[in-house]
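Structure, as structure tokens:
The values are calculated or read from the model by the stated rules, or taken from the named source; none is laboratory data. Since this is a predicted model, take the numbers as computed values, not measurements. Virtual Cβ from ideal backbone geometry, glycine too; neighbours counted across all protein chains shown.
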Amino acid sequence: MGNWRDIKLPWYETKILNCSLCGRMIPRKVWIVRIDGEEREFCNPDCEKLYHEYWLPTHSKKQKKTGNAKDN
Amino acid sequence: MSKFDTVALLTLHNRLVNICEEMALVMMKTAYSTIFSEGLDFCCVILNKDAEIIAETEYTPSMIGAITHTAKWTIEEMGMDNIAPGDVIIHNDSYRGGCHLPEHMIMKPVFLDGELFGFVGNMGHVAEIGGKAPGSFAADATDIYQEGLRLPPIKLMEKGEYVKDVWKMIMTNHRTPYNTWGDFHAMIGSLQVAEKRLAGLVERYGREYIEEGSRLLMDYSARRLRAEIEEIPDGTYHAINWLEDDGVSAEMIQIEVTVTVRGDEVIVDFTGSSPQVKGPINCTWVVSASVVYIAILSLTDPYIPRNSGAFRPIKIIAPPGTVVNVQHPGPCVAGNTDSQIKLIDLILSALSQAIPRKITAGSGGSSSNFLIGGVHPDTGQYYSNYSFDGQGTGGTAFKDGNDAEIPRHGNCRNSPIEVFEGRYSLLTLEYKLVNDSGGPGRNRGGLGISRIYEVTAPEVTISALFDRFKIKPWGLFGGKEGTNSSLTIKKKGDNRWRTFAEVYGRPSASKFTNAVVTKGDLIHIVTPGGGGFGDPLDRNPELVLEDVKEGYVSLESAKRDYGVVIVKTNKMYQINQEATRAERERLRAARPEPIPLYDWWPKEGESINVVREQLIGRRSRSG
């Protein structure tokens, strides 16, 4: 079960948060979910759903070996 | 019971689209720079309160796919509480949900009876926004700060009044502020017209009717697109291709896609693409998203209303830190022009395994971006111009490729020679289609163009960003590849054409910045031809004869590639039927069977890297 969190950034901050699934830059509201004890940030619950349905079955083995772009 | 049947719904759709068309006409007629008035490098949309597209003009697809994301970011960053009637907001920042920096979005909230109805917006390629190169297209940029002025979502107008400090700051940082002034006002003018027309529509039909109709239109588009996706066989389809270099080093860059079709949804996953590169061919996420929308929508019914509903069945995965999702401060100006086309073709080549009859062979694959700037000898004023040229598109199952067409993600027009010469110091000596540039096929690839300019001013600064110098557009199902592009210079007094890399000592012949040319120099642009579709030996000989008569195909190619023997007597061309039958039989017997899907692609067990090396080798072998 996830929850919405506001991103508060100072004007000088250049670091931008990307969705753990689609990679999109997230402006101000992020959908936070704990998966395997780790916090993951998504654009919205739809991306979380696809993470479980598509990303994990397709990429989890590869991810363990090389790390996906998000984990780099 | 809904007030809407299909006719009522599509009538509303047409009314909304009509408003967008009028917005576009205002921009075209009132803009100062040729990239708007002639190139039509912009789009116009109506958005609902959530920044979903309700209606749009079919001008520049890459912007249409992007603008909803850019507008959503704007609303989220500014906050609706800070947006009031009469405000006009501008935003171009690649690292806030934007495209490359020249793409400026301007949007205006539409309040009706004090309540927000939605937004009207446009996005346009502003021709000069500062940075290291005139025309703001630095092919060797290594960070975004070299590419021009970044604007986060800020107000150009507040409650109907100019925010003068913002205008002054922007005008100070652009080389041609007068053009920017005119173009921004063209954009704002188009928004004002749209606001007025929307108010009229609401007055006639009622707010509730328009809002419900807009929701239903998006649902309708989503349903129609889902139905079309369901027709594609479920499965996973994979493709790899390369960008030739990034303007900074000579290394090729891999792009990779896996397209998963499952029921009525499609997932386009770019995992495997190269890490982001130093040069400006990186794409922002929004640019990659546009790629996906363009590719999928180009395969489906063109009469599906183009709105945000049509995007719902499409999922996109673009890993951050790669060439398809650049992270700050990576440069990205060419991601929007040249990488984007390649990515569209990449998705199409993956789907050619599932729906071969809907896919084109490889298209030109370069916008052939050509920029000039300097101080005009007649006016003493700084000037700058960004222009592009058409290329050949790939042949399809049903027809030949188009000749001299601006790539599909841009859908723009070239500048007429008369307009160009009236404003700038380059004289056009030649502008023609290139004979034999279309890949041979049952349906031939479209032809590229050749253009020669003579420099007429004492000094002009040139920047360029081309691709397809090394890898040719591929043929499909037995069709042959199209031809490469090139960009060369003959300095005054020189006796041969040379690359800019050779003359100016740049690392890339296709991508360079700020080369100064002088009076009497000649510049030669050649754009790529498209790949052919299907076996050229199956092409109707009469069509080959027509191509020869038109000068599209040479007599030699007619015989060598199509097996059609044509004789010329008394200035008349005729097919020698008997010789043609014999030649086609001979060619069929001489070639390996079966015909591969692509004219290049790994054979079973062969590494994709071997093919990559062969592609480059082929280029050097063929000279």
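Looking at (1) under 26 Å from residue B:77 (Cβ atoms); (2) surrounded by fewer than 15 Cβ atoms within 10 Å (Cβ to Cβ), find the lone condition where residue B:203 falls short.
(1)
Checking the structure you have, find out if any residue of segment A:56-72 is touching a strand residue (DSSP E or B) at 6+ places or on another chain (Cβ under 9 Å), at pLDDT below 95, facing chain B (nearest Cβ under 10 Å) and over 21 Å from residue B:271 (Cα atoms).
Among the residues of segment A:56-72, not one is touching a strand residue (DSSP E or B) at 6+ places or on another chain (Cβ under 9 Å), at pLDDT below 95, facing chain B (nearest Cβ under 10 Å) and over 21 Å from residue B:271 (Cα atoms), which makes the answer no.
Would you please list the contacts, defined by Cβ atoms under 7 Å and residues six or more apart or on different chains, that run from a residue in segment B:92-104 that is touching a residue at least 24 places away in the same chain (Cβ under 8 Å) and within 14 Å of chain A (Cβ to nearest Cβ) to a residue that is charged (D, E, K, R) and assigned to a loop (DSSP other than H, G, I, E, B)?
Listed by first residue and then by second, the contacts come to B:93/B:150.
Only residues that are of a type in the set (Ser, Thr, Tyr), touching a residue at least 24 places away in the same chain (Cβ under 8 Å) and in a helix (DSSP H, G or I): list them for segment B:7-36, please.
Let us first name the residues in segment B:7-36 that are of a type in the set (Ser, Thr, Tyr), namely B:11, B:30, B:32-34.
Going one step further and asking which of them are touching a residue at least 24 places away in the same chain (Cβ under 8 Å), we end up with B:30, B:32-34.
Residues satisfying the conditions are B:30, B:34.
Looking for something closer than 22 Å to residue A:56 by Cα, buried (at least 23 other Cβ atoms within 10 Å of the Cβ) and under 20 Å from the mean Cα position of the chain (by Cα) - is there at least one such residue anywhere in segment B:352-365?
No, segment B:352-365 contains no residue that is closer than 22 Å to residue A:56 by Cα, buried (at least 23 other Cβ atoms within 10 Å of the Cβ) and under 20 Å from the mean Cα position of the chain (by Cα).
State whether the residues of segment B:416-427 include one that is part of a helix (DSSP H, G or I), within 30 Å of residue B:267 (Cα to Cα) and not small (Gly, Ala, Ser). Step through it out loud before you land on a result.
We begin by selecting, within segment B:416-427, every residue part of a helix (DSSP H, G or I); these are B:417-423.
So of that shortlist, the ones also within 30 Å of residue B:267 (Cα to Cα) come out as none.
No, the conditions are met nowhere in segment B:416-427.
Between residues in segment A:44-72 that are within 21 Å of residue A:31 (Cα to Cα) and residues that are part of a helix (DSSP H, G or I) and modelled with pLDDT of 90 or more, which pairs lie under 9 Å by C-beta distance while being six or more apart or on different chains?
Final answer for the pair search is A:68/A:55; A:68/A:59.
Might you let me know whether segment B:291-310 holds any residue that is in a loop (DSSP other than H, G, I, E, B), within 11 Å of chain A (Cβ to nearest Cβ) and farther than 17 Å from residue B:240 by Cα?
Applying the first criterion (in a loop (DSSP other than H, G, I, E, B)) to segment B:291-310 yields B:298-307.
From what's left, within 11 Å of chain A (Cβ to nearest Cβ): none.
There is no residue in segment B:291-310 that is in a loop (DSSP other than H, G, I, E, B), within 11 Å of chain A (Cβ to nearest Cβ) and farther than 17 Å from residue B:240 by Cα.
Mind telling me which of the residues B:342, B:278 ends up being part of a loop (DSSP other than H, G, I, E, B), charged (D, E, K, R) and more than 14 Å from chain A (Cβ to nearest Cβ)?
B:278
Regarding segment B:20-36, can at least one residue be identified that is buried (at least 24 other Cβ atoms within 10 Å of the Cβ), modelled with pLDDT of 95 or more, over 21 Å from residue B:335 (Cα atoms) and of a type in the set (Ser, Thr, Tyr)?
Among the residues of segment B:20-36, not one is buried (at least 24 other Cβ atoms within 10 Å of the Cβ), modelled with pLDDT of 95 or more, over 21 Å from residue B:335 (Cα atoms) and of a type in the set (Ser, Thr, Tyr), which makes the answer no.
Which condition from (1) outside any strand (DSSP E or B); (2) modelled with pLDDT under 95; (3) among the polar types (S, T, N, Q) is the one that residue B:288 breaks?
(2)
Within segment B:491-502, work out how many residues are surrounded by fewer than 17 Cβ atoms within 10 Å (Cβ to Cβ) and either in the same structural domain as residue B:134 (by TED's automatic domain parsing) or closer than 16 Å to residue B:460 by Cα (or both).
Within segment B:491-502, residues that are surrounded by fewer than 17 Cβ atoms within 10 Å (Cβ to Cβ) and either in the same structural domain as residue B:134 (by TED's automatic domain parsing) or closer than 16 Å to residue B:460 by Cα (or both) number 2.
Any idea which residue in segment A:1-13 is nearest to the chain's Cα centre (by Cα), counting only those that are among the hydrophobic types (A, V, I, L, M, F, W, C) and within 11 Å of chain B (Cβ to nearest Cβ)?
A:7
So the check is Cβ under 6 Å with 6+ separation or different chains; which pairs have a first residue in segment B:70-82 that's more than 10 Å from every other protein chain (Cβ to nearest Cβ) and surrounded by 18 or more Cβ atoms within 10 Å (Cβ to Cβ) and a second one that's among the hydrophobic types (A, V, I, L, M, F, W, C) and not in a helix (DSSP H, G or I)?
As it stands, the answer is B:70/B:105; B:71/B:47; B:71/B:51; B:71/B:107, since those pairs meet every condition given.
Considering only residues that are among the β-branched types (Val, Ile, Thr) and within 12 Å of chain A (Cβ to nearest Cβ), which ones fall in segment B:311-339?
B:314, B:316, B:317, B:322, B:323, B:324, B:326
State the number of residues belonging to segment A:14-54 that are away from chain B (no Cβ under 11 Å) and of a type in the set (Phe, Trp, Tyr).
Residues in segment A:14-54 being away from chain B (no Cβ under 11 Å) and of a type in the set (Phe, Trp, Tyr): 2 in total.
Got a sec? Which of B:452, B:471, B:489 is in contact (Cβ under 8 Å) with a residue 24 or more places away in the chain, of a type in the set (Val, Ile, Thr) and more than 27 Å from residue B:279 (Cβ to Cβ)?
The conditions single out B:452.
For segment B:356-390, enumerate the residues that are at positive phi and outside any strand (DSSP E or B).
Within segment B:356-390, B:365, B:368, B:380 qualify.
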